[in-house]
Amino acid sequence: MLQKMTNRSRRKFIKKSSIFGAGIFIVPRYVLGGQGYTSPSDMLNIGAIGIGGKGRDIMGDWAKNERVVALCDIDPDDSFNNGVSESRSFYPNANFYIDFRKMLDNEKDLDAVTITTPDHTHGVIASHAMKKGLHVYVQKPLTHNIGEARLLSKIARNNRVVTQMGNQGGSCLGVSKIQEWVNKKLVGKISEINAWTDRPIWPQGFQMKRTSQKKPENLDWDLWLGPSTYTDFTSELHPFNWRGWWKYGTGALGDMGCHLLDAPFKALGLGYPNDVQCSVGTVVEKTWNHNYIPEGCPSSSIVTLNFNKTEKNKSDVKLVWMDGGLRPSHPKAIPAEEYLGEKYSRSGVLMIGDKGVISFGTYGMNPKLYREGKKTLFFKTDLEDLDNIHHRAWVEACKQGYGSKAHSKLTSSFDYAGPFTESVLMGNLAIRSYMLIGTKSPKFSENSVHVSEHSNYIGRKKLIWDGQNMRITNFDLANKYVQRKSRKGWEL
């Protein structure tokens, strides 16, 4: 009982230290236990929700000086060798849960949780945790849809908790260098951004394969589905391919947009876009008819967003996103033999100004500044351990508390990550609208797998966005994709 009271007192101290810290004297930890020693009172009690796949980050160096007291995953037997067993073995003394709600209710001394689950459950898990006063680290994209991103930002502020989205590139020194070049006006006014990725690397554009499968005995499929409507278990969703289906994932844009677009959003201070439009690639399996899989993401897409000029950039900006193997043309300022963005031009970003072009890879890695008649500037970043840096910054901010200096320095707290995620997910709103077909279209039915080239696509237009009110103003049917109705009991 004494230990519990001590832990609770320590938790309150961590949460309030930003308010009273100036009047408290803390003995340096090296005096207490030697260089590198971490006092128990300085440790954060952490729970990890989702510990397979990317969730294995909980074994990183950033957590070694903290207490990982609880682990949670819907697949306790690691039925798909996804790394759940590895994480459990790494922390044999941590309490294990299948249901995150039970973990949050039972672990009274938790300070913070990491959330590494499919996109469609980010919002509901994070909201539950924050309402209990817990600091949260949520993998990208912050949420499955725009409405949830707006709400999580509000919940974080109301509960005064420290938050971080897991787009670890936000802590890359390359992002800071890009901001420096823009601030110094070395590239001039930037009017266009091109971003592209080689994703998807999972099946998209085809019907889901539905083979008869037996659910692993102890895997809690209902918990995996969370807010989504019920569907039978299939390994075509868990553990990886959910990314290509709208009920659960956010496609190539949701997967990589928060990594690639972070640097231009920060450097230019971009707000909500004014409008969005897109086109998507087609897959043809039947002559004169293309695949029509509106519940799934397309094989490739191009999304265009337009932004107003900002204090940091005195020019309106057109942002063009490409995925599925598409990439932009080679700018004149960049030598023909050089890659765009990353090696082999797989993924990257071009920020095009009236004085030059900035080119860089995922996470803001290895940025280059090209200017005609001037030496190319290059900033090498390959050796950064971004996962540990990004997590460690969040841990230190949790200890200092909401509103602290460390909190203000976080590169992806929800005050930033919420609006940023909203803008990224605008592209998906356009893609889903692009696939809408009017019911009077010839040979159309809701269950069509293939549709005629003459089908009546009613949503293929530029969509005007009222960011403040989260609403498309010129095509009301698109607004059903701004947020979703959650299954009963799974509301945020």
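Output the helices (runs of 4 or more DSSP H) that fall wholly within segment 144-239 and possess 3 or more residues being in the same structural domain as ARG346 (by TED's automatic domain parsing), or say none. Lay out the reasoning, then the answer.
On the way: elements: 146-159, 173-183, 221-225.
Filter on segment 144-239 gives 173-183, 221-225.
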Point to revise | Residue within segment 395-416 that is surrounded by fewer than 22 Cβ atoms within 10 Å (Cβ to Cβ), aliphatic (A, V, I, L, M) and free of Cβ contacts under 8 Å to residues at least 24 places away in the same chain present | key: yes
Review point. Looking at segment 131-143, is at least one residue assigned to a helix (DSSP H, G or I) and among the hydroxyl-bearing types (Ser, Thr, Tyr)?
Key: no
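Yes/no per residue for (1) more than 30 Å from ASN456 (Cα to Cα); (2) buried (at least 20 other Cβ atoms within 10 Å of the Cβ):
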| site | (1), (2) |
| --- | --- |
| THR250 | no, yes |
| ALA263 | yes, yes |
| LEU270 | yes, yes |
| SER279 | no, no |
| LEU305 | no, yes |
| ASN313 | yes, yes |
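Suppose we filter segment 105-124 for residues that are within 25 Å of TYR230 (Cβ to Cβ) and in contact (Cβ under 8 Å) with a residue 40 or more places away in the chain; how many remain?
Applying the first criterion (within 25 Å of TYR230 (Cβ to Cβ)) to segment 105-124 yields 105, 115-124.
Next, from what is left, pick out any that are in contact (Cβ under 8 Å) with a residue 40 or more places away in the chain: 115-121, 123-124.
The total comes to 9.
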Point to revise | Residue check, LEU425 among the aliphatic types (A, V, I, L, M) and in a loop (DSSP other than H, G, I, E, B) | key: no
Check your understanding: Out of all the residues in segment 167-220, which are touching a Pro at 6+ places or on another chain (Cβ under 9 Å) and either of a type in the set (Phe, Trp, Tyr) or free of Cβ contacts under 8 Å to residues at least 24 places away in the same chain (or both)?
Key -> TRP181, TRP196
Study note, to complete from the structure: Considering segment 58-115, residues that are surrounded by 23 or more Cβ atoms within 10 Å (Cβ to Cβ) and hydroxyl-bearing (Ser, Thr, Tyr), and then whichever is farthest from LYS214 (Cα to Cα), we arrive at THR114
Exercise for review: Can you confirm whether segment 332-347 contains a residue that is outside any loop (DSSP other than H, G, I, E, B) and surrounded by 16 or more Cβ atoms within 10 Å (Cβ to Cβ)?
Suggested key: yes
Point to revise | Meets criteria (assigned to a loop (DSSP other than H, G, I, E, B), of a type in the set (S, T, N, Q) and free of Cβ contacts under 8 Å to residues at least 24 places away in the same chain) for SER329 | key: yes
Point to revise | Residue ID - surrounded by the most Cβ atoms within 10 Å (Cβ to Cβ), chosen from residues in segment 348-371 that are in contact with a Lys or Arg (Cβ under 8 Å, 6 or more places away or on another chain) and charged (D, E, K, R) | key: ARG371
Point to revise | Failed item in (1) in contact with an Asp or Glu (Cβ under 6 Å, 6 or more places away or on another chain); (2) modelled with pLDDT of 95 or more, with TYR91 passing the rest | key: (1)
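In the set LYS440, LYS355, which member is at pLDDT below 95 and in a loop (DSSP other than H, G, I, E, B)? Working first, answer last.
On the way: LYS355 fails: at pLDDT below 95.
It is LYS440.
Only one residue in SER127, SER89, SER85 is out of contact with any Cys (no Cβ under 8 Å at 6 or more places or on another chain), within 25 Å of TYR230 (Cα to Cα) and in a helix (DSSP H, G or I), so which one is that?
The conditions single out SER127.
Let's see how each residue does on (1) outside the structural domain of ILE302 (by TED's automatic domain parsing); (2) closer than 20 Å to GLN179 by Cα; (3) of a type in the set (Lys, Arg):
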{"residue": "GLY325", "(1), (2), (3)": "no, no, no"}
{"residue": "SER329", "(1), (2), (3)": "no, no, no"}
{"residue": "GLY341", "(1), (2), (3)": "no, yes, no"}
{"residue": "ILE352", "(1), (2), (3)": "no, yes, no"}
{"residue": "VAL357", "(1), (2), (3)": "no, yes, no"}
{"residue": "THR362", "(1), (2), (3)": "no, yes, no"}
{"residue": "LEU377", "(1), (2), (3)": "no, yes, no"}
{"residue": "HIS391", "(1), (2), (3)": "yes, no, no"}
{"residue": "LYS399", "(1), (2), (3)": "yes, no, yes"}
Practice item. Output the number of the condition that HIS290 fails; it satisfies all remaining conditions of (1) at pLDDT 95 or above; (2) within 23 Å of LEU429 (Cβ to Cβ). Key: (1)
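The values are calculated or read from the model by the stated rules, or taken from the named source; none is laboratory data. Everything numeric here is computed off the predicted structure, so don't read it as measured data. Quick reminder, even Gly has a Cβ in these numbers, built from the backbone with ideal geometry, and neighbours come from all protein chains shown.
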